[in-house]
Amino acid sequence: MSPSRARTNPLRDPQDRRLPKVAGPCGMVIFGVTGDLARKKLMPAIYDLANRGLLPPGFSLVGFARRDWADQDFAKVVHDSVREHARTEFREEVWHQLAEGFRFVPGEFDDDQAFAQLKQTIEDLDRVRGTGGNHAFYLSIPPRYFGDVVGQLQEHGLTEDRPDTWRRVVVEKPFGSDLATAQKLNETLSGVFSPESVFRIDHYLGKETVQNILAMRFANMLFEPIWNSNYVDHVQITMAEDIGIGGRAGYYDGIGAARDVIQNHLIQLMALTAMEEPTSFDARSLHLEKQKVLDSVVLPRRLDLTTARGQYAAGWAGGVQVGGYLDEPDIAATSTTETYAAIRLGVDNRRWSGVPFYLRTGKRLGRRVTEVAVSFKRAPHLPFSQAAVEDLSHNALVIRVQPDEGVTLRFGSKVPGTQMEIRDVNMDFAYGGSFTEASPEAYERLILDVLLGEPPLFPRHEEVEQSWRILDPIIDYWADHGRPEQYPSGTWGPASADAMLAREGRAWRRP
Ligand code: BG6
């Protein structure tokens, strides 16, 4: 039998993969339930999962925060967040069933009584909602409180897996602010939870288009033979935002673009782009390959020439005039936090030796776009006149993560006419044009994976620590070298970032 027939033979594949996996009996406790993330992403994602029939009928959600709320007040907050931010349509019957499992526990993170009440609440839910003793604790709170919360959970006997039940902890970034703090954080978590029970969220890994990097590379014959330094000139990974920091001064100031985005989202995108084929898509094999790439990452010696940072100044956003970073509420006029960061990394292995990976991210840039652009070398010989290929640039494969999700292949084509003139053209795949299903939000996928106990899309602590090892010297270097350069809002970042690529005979893409 041919391999492809074997794979589609239903007798060899007892579980029909078209049937979505539904989480078993369980509940979730969210710490930091009054925060932006819970309101805009977590609660809507939970509703969307319920609406898609992927949560168990007795699913329960407990909010824990420093508010004087009753269960009904909490339910109202969830309701408003779902009405405003859910992806799927609002259905009364789904809402009612879900809302019956909402509970609220008021308290501080060091309040013994509140944790005793949490324990009681969870036991009640096991009894009345059939959550089966299975609970995930979602820490959507600043990391300085992680120790208090996991300590309290442990003291109150809330962290123990009993036979046939599970307890998991979900942590949001930032995973520390450097290697030392990340290691400390990992120690705190691993003192209480086993490694399989810790789920670190990097929401980019939950995005369909990010998972598609692996599908494209490893499900096709087309790309992999040219995915190496023989053919690739360089790779540009961009995560640009048109928004400023909004109301997040407290979180963002002192953190900055490199820690906020490069340490996690962009280094993960780079790892997926550069890694070798995993033996399978289970968590172990994926981590192994990602880890190998991260271990091979090298920093250039001259950080002055190969990194750039900036801070947005007044300018334009969405057709209106806006102030700069230093004018934002709660930002000191002396702040040196960068809102734009660009770095060049190398991967010292046989596949990638000599190929630069340029990573950049920024706020208040020209538009919102995330993409991975693989730029290929020019053909070694062009049998055309100079004039014919004047408008021909490098071939490129661009994976558009968002918005306008899809893939573009850029190559040279003859311009119609009597002359031989060659110009870049694009061949496009757009999700909307090929699939009727809308992509789930990243948080839907990741929350469901937590409840199912599926770890492949969650970075392990070794990856997190390795990312800090890469970034720490750059951040230290910046700390010793003055202020970030200002760039007007609505542009594509500081001039030093353009100069950084120009020195190497390249230019940033203007997506
Ligand atoms: C978060 C960062 O991780 O990602 C934010 O902390 C950023 O600063 C956000 O705005 C962007 O996420 P997305 O999914 O909108 O690209």
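The values are calculated or read from the model by the stated rules, or taken from the named source; none is laboratory data. Keep in mind that what you see is a predicted model, and the values were worked out from it rather than measured. Note that we place each Cβ from the backbone using ideal geometry, even for glycine, and neighbour counts take in every protein chain shown. The area values use the complete protein model at the heavy-atom level, side chains included, leaving out ligands, DNA and RNA. Shrake-Rupley method; radii C 1.70, N 1.55, O 1.52, S 1.80 Å.
Here are some notes:
- The chain - charge dipole about Cα centre, Lys and Arg +1 at Cβ, Asp and Glu -1, debye rounded to 20: 1560 debye
- For the stretch 44-132, the list of chymotrypsin sites (Phe, Trp or Tyr not before Pro) that fall in a loop by DSSP and count at most 13 other C-beta atoms within 10 angstrom reads Phe90.
- Length available on full extension from Lys377 to Glu390: 0.36 nm per residue minus the Cα-Cα distance, which gives 3.1 nm.
- Gyration tensor (alpha-carbon) shape descriptor, the stretch 130-284, a/c threshold 1.5: oblate
- Theoretical FRET efficiency, 1/(1+(r/R0)^6), r = Cβ-Cβ of Glu89 and Val320, R0 35 Å, to 0.05: 0.65
- With a simple spin-label model that places each label point 7 Å from the Cα along the Cα-to-Cβ direction, the separation between Tyr145 and Glu277 comes to 4.7 nm.
- Here's the list of lysines a cross-link from Lys377 could span, going by alpha-carbon distance under 20 Å and ignoring same-chain residues fewer than 8 apart: Lys414.
- Sum of side-chain charges, Phe429 neighbourhood, beta-carbon under 14 Å (Lys, Arg +1; Asp, Glu -1): -3
- Surface per residue (accessible, 1.4 Å probe) for the stretch 42-169, Å²: 46 Å²
- Under the simplified labelling scheme, the Gln183-Glu224 pair shows an inter-label distance of 3.7 nm, with each label point 7 Å from Cα along Cα→Cβ.
- Spin-label model distance (nm) - Ser190 vs Arg284, 7 Å beyond Cα toward Cβ: 1.8 nm
- Sites Val22 and Asp111 - FRET efficiency at Förster radius 51 Å, r taken between beta-carbons, to 0.05: 0.90
- When a 1.4 Å probe is rolled over the protein heavy atoms, the share of accessible surface on the chain that falls to carbon and sulfur comes to 51 percent.
- For the stretch 234-301, applying the loop criterion from DSSP together with a ceiling of 11 other beta carbons within 10 Å to the trypsin sites (Lys or Arg not before Pro) yields Arg301.
- Restricting the stretch 366-449 to GluC sites (Glu not before Pro) that sit in a DSSP loop and have at most 12 other Cβ atoms within 10 Å of their own Cβ leaves Glu390, Glu437.
- Distance from the Cα centroid of the stretch 341-364 to that of the stretch 372-450 is 20 Å (rounded to whole angstrom).
- Greater than 25 Å apart at Cα, pairs in Lys21/Lys292; Lys41/Lys207; Lys207/Lys292: Lys21/Lys292
- Compactness ratio for the chain: Cα radius of gyration over 2.2 N^0.38 Å (N = residue count) comes to 1.04.
- Normalised by the number of residues in the stretch 321-372, the mean separation of alpha-carbon contacts (under 8 Å, six or more apart) gives a relative contact order of 26 percent.
- Length-normalised contact order of the chain in % [C-alpha pairs under 8 Å, at least 6 apart]: 16 percent
- Assigned charges on the beta-carbon of Lys, Arg, Asp, Glu; the stretch 114-256 dipole about Cα centre (debye): 180 debye
- Förster radius 41 Å - calculated FRET efficiency between Thr418 and Tyr251, Cβ distance, rounded to 0.05: 0.10
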